[in-house]
Amino acid sequence: MPTKAQSVSRATQRATRTPVESRNNENTVTHQPDEHSQVVHARISEQAYALYEEHGREDGHALEDWLEAKKRVLNKD
């Protein structure tokens, strides 16, 4: 039976793994955004900032502005 120190150590090791590492063990996959997704992200960001300015630069609406911008950009493509 493992000692308490060994159990904590193993639990700490499990907690520090990323989800991809936990699922794939040694076959870790790194996801790189492709050029199209980077362009789409930039468009959404620009549109969200434009909405922020339209609202008089009022804080507290970042998520709403982002989601609205995302909807507008994705509906154009």
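Distance between the 7 Å Cα→Cβ label points at R72 and S45: 1.7 nm. Note that segment 60-68 has calculated 3J(HN,Hα) couplings of x, 10, 4, 5, 4, 5, 5, 5, 5 Hz, one per residue in order, obtained from phi through the Karplus relation 6.51 cos²θ - 1.76 cosθ + 1.60 (θ = phi - 60°); glycine and proline are x.
No value in this document is a laboratory result; all are computed from the given coordinates. Computed from a predicted model, the values in this text were never measured in an experiment. Cβ coordinates were reconstructed from backbone atoms using ideal geometry, including for glycine residues, and neighbour counts include every protein chain displayed.
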